[in-house]
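Everything below concerns the one structure shown next.
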Amino acid sequence: MPKSRVRKKKVYTAPSDKLPSAATVRKYKPSPRWVPAVAVTLIVLGIAWLVIYYLTATKWPVEQFGYWNLAVGFGMLVASLGVLTRWR
C-alpha cells in the first residue's frame, strides 16, 4: 500500500492591513488606590451587617427595617462587585 504524502503547514502571518497601529491600541491606566479599599470595606460591612442581623434575632442593626436589613447587607455586597469592575 502506498504511503501518503506528508503535508507541510505554512507559517501564519497576519495580513498587514488588519494589524492594529500604535495609535489605535488603548492603554489602560492602573486603577486608583481607593477602588480595592472601598470594595473590601463594602464586603466586610455587608457581611458584618448580615451576621449581626441574624445573631441578634432581627433586633440589630436597624430594627425598623425588618427584613429590609437583608437588602441592605446584600446591597453592600452587590455594590462591592460594582466597584470591583473598575479594578485593573
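Here are a few things to note about the model shown:
- Considered as a group, the residues in the stretch 8-67 that are exposed (fewer than 12 other Cβ atoms within 10 Å of the Cβ) and among the small types (Gly, Ala, Ser) include one that is modelled with the highest pLDDT, and that residue is Ala37.
- Members of the stretch 68-86 that are surrounded by 12 or more Cβ atoms within 10 Å (Cβ to Cβ) and assigned to a loop (DSSP other than H, G, I, E, B): Arg86
- When the stretch 28-75 is filtered for residues that are out of contact with any Lys or Arg (no Cβ under 6 Å at 6 or more places or on another chain) and of a type in the set (Val, Ile, Thr), the ones remaining, listed by number, are Val38, Val40, Thr41, Ile43, Val44, Ile47, Val51, Ile52, Thr56, Thr58, Val62, Val72.
- Residue pairs meeting the criteria (Cβ under 6 Å; at least 6 apart or on separate chains; first of a type in the set (Lys, Arg), in the stretch 3-15; second surrounded by fewer than 10 Cβ atoms within 10 Å (Cβ to Cβ) and part of a loop (DSSP other than H, G, I, E, B)): none
The values are calculated or read from the model by the stated rules, or taken from the named source; none is laboratory data. Not measured: the values here are computed from a predicted model. Note: ideal-geometry Cβ built from the backbone for every residue, glycine included; neighbour counts use all protein chains shown.
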